[in-house]
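In what follows, a single structure is set out as structure tokens and then discussed.
Just so it is clear, none of the values below were taken in a lab; they were calculated from the coordinates. The model shown is predicted, which means the values in this text are computed figures rather than measured ones. Neighbour counts run over all protein chains shown; Cβ positions are idealised from the backbone, glycine included.
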Amino acid sequence: MSTQREPQVVRGLEGIYVATTELSRVDGENGRLYYRGYDIHDLVKYGDFEETVFLLWYGHLPTESEYDAFRKRLINYRFLPENLIKMLPLLPQGTIPITAIRTFLSALAAWDPWAEDNSRDAELENAARLTAGIASLLAKVQRVRTGQEIVEPRLDLDHASNFLYMFTGKEPSTEASAAMNAFLILYADHGFNASTFTARVTASTLSDMYSAIVAALGALKGPLHGGAMEAAMRQFIEIGHPENVDAWFEKALAQKRRIMGIGHRVYKTWDPRARILRERARVLAEKSSEPQWFEIAERLAERALNHPYFQERRLFPNVDYYGALVVYYLGIPPELYTIMFALSRVAGWAAHVIEQHADNRLMRPRALYVGPEHREYVPREKRT
Ligand SMILES: CC(C)(COP(=O)(O)OP(=O)(O)OC[C@H]1O[C@@H](n2cnc3c(N)ncnc32)[C@H](O)[C@@H]1OP(=O)(O)O)[C@@H](O)C(=O)NCCC(=O)NCCS
């Protein structure tokens, strides 16, 4: 009798724990999210993106002097190498923005003297360069591809406001800065999602942080992961007017079409990030000349939340539903939403690379072979 157990194949690794983490805890049943034990509501209410990033990388909330020094370090890295900036217009016209960012983020490693150094100190420096760098890159790439003058970074603005300033060329309102900060805080980390897992697999080979983050960006690009925010916004635009919601909803149900921005693998109640971003979107919509997008989203969510189909399946709005509206009202076009996600998540990916390298084990699962057993080799001239 064989003592060997039949190997179990768990498609998509669903329900499998492959590592431990101290970074974020997702409580899907109760709709809570914590970063290193802090409720995201508190981090959004009292802090800014820089504070959350410090928390993720260093394990504690910064003191006043730690915060100041950290902020200055990020500010330094807002300035990209001159020769990298010269490369920005060289990609063919029509290159999709995330392809451009993935390329230039990878190129940034060439200017980083510590790029190949996996020590904790070097990785904390690389993480700062990547987090500040991706924001400058996105703002500059967008201005180049839309034929506008590049806007240089400001030293007096926080990370969120400086990004909006470099992107739009205008200093953002207090509400816009607050919404951008909330957006960045809320997307920073979320357990072992596909892109984070990709970063950790890459880091587990003892490859460097840049490689891990470029790989993660590649995973995020897929429509099953980072694409939902853009799809949610395009759906609101397709509906067009609040009065069209009911008919659109009935048709979507009849066609078994998924409502983008609704449902979540882990949250079986409201995604806590969606609730926070909903309020930020409401404030921005009130001040906007296009309040209809928020009204459409609200009416559609109400229809879904009150419908037995969604109630039975425990489907609620997720982070991308209201995240899409927030970034739309901040003046970001939908084709950039996946990179907007990365602008925040880069901090989480970096934290995971540091965590992986601190206690590394090569990630190397197995595949159950189901192909033919033994086939006889026939020389080419005898094959029919
Ligand atoms: C996020 C998502 C992939 C999670 O899916 P999941 O946990 O694998 O759930 P399933 O795909 O197994 O769906 C469970 C049931 O709910 C239905 N469902 C899930 N999301 C739905 C949606 N947004 N609209 C309509 N029906 C939906 C499925 O059709 C399925 O119905 P069935 O049991 O009759 O077949 C899914 O909810 C979805 O596709 N949402 C829209 C895309 C999105 O917003 N993604 C961003 C996630 S943060």
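Couple of notes before you dig in:
- Ordering 379, 119, 164 by the projection of their Cα atoms onto the charge dipole of the chain, which places +1 on the Cβ of Lys and Arg and -1 on the Cβ of Asp and Glu, puts 379 at the extreme positive end.
- Measuring r between the beta carbons of residue 364 and residue 268 and using R0 = 35 Å, the FRET efficiency lands at 0.60.
- Packing-based ranking of 370-383, 308-321 yields 308-321, 370-383, ordered from highest to lowest mean Cβ neighbour count within 10 Å.
- Coordinate range of the alpha-carbon atoms in segment 239-384 per principal axis, descending: 72, 46, 33 Å.
- Basic side chains Lys and Arg get +1 at the Cβ, acidic Asp and Glu get -1 at the Cβ, and with that the dipole of the chain about its Cα centre reaches some 1420 debye.
- Listed residues 31, 348, 191, most fluctuating in the chain (Gaussian network, C-alpha, under 10 Å): 31
- Percentage relative contact order, the chain, counting C-alpha pairs under 8 Å, at least six apart: 23
- Mean Cα-pair separation over length for segment 228-329, i.e. relative contact order, pairs under 8 Å, 6 or more apart, %: 46
- Charge dipole of the chain about the Cα centre (unit charges at C-beta), most positive-ward option of 329, 201, 360: 201
- Potential extension, residue 234-residue 279 segment - 0.36 nm per residue separation minus Cα distance: 14.2 nm
- Above-threshold pairs, the threshold being 29 Å between Cα atoms, out of 140/256; 256/287; 140/287; 72/287: 140/256; 256/287; 72/287
- Only Lys, Arg, Asp and Glu carry charge here, each on its Cβ (+1 for the first two, -1 for the last two); on that basis segment 167-307 has a dipole of about 480 debye about its Cα centre.
- Computed over segment 1-159: relative contact order in percent, which uses C-alpha pairs under 8 Å that are six or more apart: 19
- Pairwise inverse Cα distances across the chain, averaged and inverted, put the Kirkwood hydrodynamic radius at 22.3 Å.
- Counted charge near residue 28, where neighbours are those whose Cβ lies closer than 11 Å (Asp, Glu -1; Lys, Arg +1): +2
- Sequence-distant residues sharing a close amide H with residue 262 (under 5 Å, placed H): 318
- Here the Karplus relation 6.51 cos²θ - 1.76 cosθ + 1.60, evaluated at θ = phi - 60°, turns the backbone of segment 10-21 into coupling constants of 10, 4, x, 6, 4, x, 9, 9, 10, 6, 9, 8 Hz, with x for every Gly and Pro.
- Residue order, fewest to most beta carbons within 10 Å, for 58, 369, 77, 322: 369, 58, 77, 322
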